[in-house]
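The values are calculated or read from the model by the stated rules, or taken from the named source; none is laboratory data. As the structure is a prediction and not an experimental result, all values here were calculated from the model. With ideal geometry, Cβ positions are generated from the backbone for all residues, glycine too; neighbour counts draw on all protein chains shown.
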Amino acid sequence: MTDSVFSLPAARALLAALAGLCLATAGRAAIPIEHWTQPSGAQVFLVESPAIAMVDVQIDLDAGARRDPKGKPGLSNLMASSTAYGVKAHGSAPALDENGLSDAWADLGASFGGSAGADRLSFSLRSLTYPDLLEKATALAARQLGEPAYPEGPWLRDRPKMIASLKEANTRPATLAARAFASAVYGDHPYAAESTPESLLRISAADLRALHTQVLRACHAKVSIVGALNREQADALVSRLLAYLPATGCEAMPAVPEVAPLSAAHEERIAFASAQAHVLLGQPGIRRNSPDFFALTVGNQILGGGGFTARLTEEVREKRGLSYSVYSHFAPGLHAGAFTIGLQTRPDQAEQALALVREVLAKFVAEGPTEKELQAAKDNLIGGFALRLDSNRKLLDNVSNIAWNQLPLDYLESWTAQVQQLTLADIRAAFARTLQPEKMVTVVLGAQATP
């Protein structure tokens with residue numbers, strides 16, 4: 001076997017093995033992020049990781065669910081995932097249907113695919129960096145990214161399956177409670193929009209093609225790379241990946257309105273025959289680039305994010321046995337994502353559990369944590385920080401997070417110091433600024449009616 005020829009079984013086996021390798025020094029060594037802007041306007045963020053011969057790439061664009069057309073929620077995600085249906089012919093390269101495209105990726109022992117979240121549209125490439133393999137994987141990814149076919153047949157075949165899946169999900173109490181909660185927290189903001197059987201019927205393959213043409217621009221791309229490539233190699237890879245995207249239409253995207261703060265408390269009781277009542281409590285929280293992010297992260301570890309050591313767990317589960325699990329978390333995005341407290345309990349205990357959660361939350365917002373709780377949370381978060389960076393994929397997630405949210409390039413290097421320097425006053429002030437317990441959304445599904 002020569003350096004330029006790599007068998008399919010060997011490529012698959014090596015990729016699987018390398019994917020599980022840890023970046024052993026990531027938690028304790030500096031992680032320099034190189035950043036530059038290409039002539040096209042694409043921004044590149046690179047972490048060289050030469051220890052293993054592979055590369056992970058993520059391309060992010062401002063075309064997530066928050067920009068889905070009205071009446072067609074989920075279109076961005078469908079457009080991204082449906083690039084796997086096949087690609088158009090290009091030059092001497094023939095068109096590939098979904099089976100041909102899948103086989104081509106399998107032959108390379110590489111992978112490429114797309115999806116969309118609330119804020120962004122993302123495409124991910126993973127490949128070994130052996131020159132012949134990487135060149136072919138990059139060329140195929142460029143075609144799937146820039147010249148997808150979007151045939152009608154596969155979409156019409158798969159849409160009924162998606163509709164059936166949604167209908168089945170609508171029989172689950174957790175789905176119904178979460179939907180009611182999101183609607184009440186976000187109001188008419190796009191964060192509240194969800195696909196329905198009816199909205200899927202309004203989406204055609206033509207809609208997928210139209211959205212792709214509208215939003216995919218090299219000038220709007222943020223490309224994060226972690227792997228065994230230097231800057232010159234990474235720059236060339238990005239240029240090839242984005243080569244088939246239009247060079248025009250680079251004006252700024254229109255602004256998306258902010259999530260409106262709640263003006264009053266809102267309660268919703270949903271009757272449902274279920275063995276467990278579902279309780280959700282919360283409100284709009286913060287944007288990801290908020291200066292309060294670290295204080296709220298550490299504070300939430302104490303309140304409800306730290307498992308068995310959290311206050312909510314201690315009060316609701318350990319002392320009173322009202323729930324097996326109770327949690328709290330912030331979900332920040334480009335806009336104020338929800339702060340949520342959630343639990344399940346016996347239907348006849350739902351009101352008692354809800355009252356206790358409100359009491360614990362109000363006390364925490366008013367008084368903050370103790371010094372002992374704060375130090376324990378810091379030790380836990382700092383001690384586990386290396387686990388956030390122990391693979392190429394995890395490191396790539398962090399780099400793309402920095403790129404997308406315009407965080408400082410030394411964010412990972414300064415993370416421990418940011419956590420360590422927080423004081424009790426910082427935690428109290430951040431929670432007081434962010435949460436208003438008297439203006440929370442409450443959703444209770446499946447509780448027994450009080451006499």
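Key figures
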| item | result |
| --- | --- |
| Residue check for residue 435: touching a residue at least 24 places away in the same chain (Cβ under 8 Å), surrounded by fewer than 20 Cβ atoms within 10 Å (Cβ to Cβ), within 22 Å of residue 310 (Cα to Cα) and touching a Leu at 6+ places or on another chain (Cβ under 9 Å) | no |
| Pick from segment 387-424, criterion touching a strand residue (DSSP E or B) at 6+ places or on another chain (Cβ under 6 Å) and polar (S, T, N, Q), ranking: farthest from residue 332 (Cα to Cα) | 392 |
| Given (1) within 21 Å of the chain's Cα centre (by Cα); (2) part of a strand (DSSP E or B), number of the condition residue 127 does not satisfy | (1) |
| Candidate set: segment 63-86, residues that are part of a loop (DSSP other than H, G, I, E, B) and touching a helix residue (DSSP H, G or I) at 6+ places or on another chain (Cβ under 8 Å); chosen: the one surrounded by the fewest Cβ atoms within 10 Å (Cβ to Cβ) | 71 |
| Single match in 210, 164, 177, 206 (criterion: crowded, with 21+ Cβ neighbours inside 10 Å, in a helix (DSSP H, G or I), out of contact with any Phe, Trp or Tyr (no Cβ under 7 Å at 6 or more places or on another chain) and at pLDDT 95 or above) | 177 |
| Residues within segment 264-276 that are touching a helix residue (DSSP H, G or I) at 6+ places or on another chain (Cβ under 7 Å) and assigned to a loop (DSSP other than H, G, I, E, B), tallied | 4 |
| Residue within segment 326-342 that is within 24 Å of residue 182 (Cα to Cα), modelled with pLDDT of 95 or more, surrounded by fewer than 23 Cβ atoms within 10 Å (Cβ to Cβ) and of a type in the set (Phe, Trp, Tyr) present | yes |
| Some residue of segment 234-247 being assigned to a loop (DSSP other than H, G, I, E, B) and of a type in the set (Ser, Thr, Tyr) | yes |
| Residue satisfying all of: in segment 307-325; modelled with pLDDT of 95 or more and in a helix (DSSP H, G or I); farthest from residue 284 (Cα to Cα) among these | 318 |
| Test: residue in segment 93-107 that is touching a residue at least 40 places away in the same chain (Cβ under 8 Å), of a type in the set (Gly, Ala, Ser) and within 20 Å of residue 239 (Cβ to Cβ) | yes |
| Yes/no for residue 161 being touching a residue at least 12 places away in the same chain (Cβ under 8 Å) and under 25 Å from the mean Cα position of the chain (by Cα) | no |
| Top-ranked residue of segment 87-106 - restricted to ones that are at pLDDT 95 or above and assigned to a strand (DSSP E or B), ranked as surrounded by the fewest Cβ atoms within 10 Å (Cβ to Cβ) | 97 |
| Selection status of residue 55, under 24 Å from residue 130 (Cα atoms) and either modelled with pLDDT under 95 or touching a Pro at 6+ places or on another chain (Cβ under 9 Å) (or both) | no |
| Residue in segment 107-123 that is surrounded by the most Cβ atoms within 10 Å (Cβ to Cβ), counting only those that are assigned to a strand (DSSP E or B) and more than 13 Å from the chain's Cα centre (by Cα) | 112 |
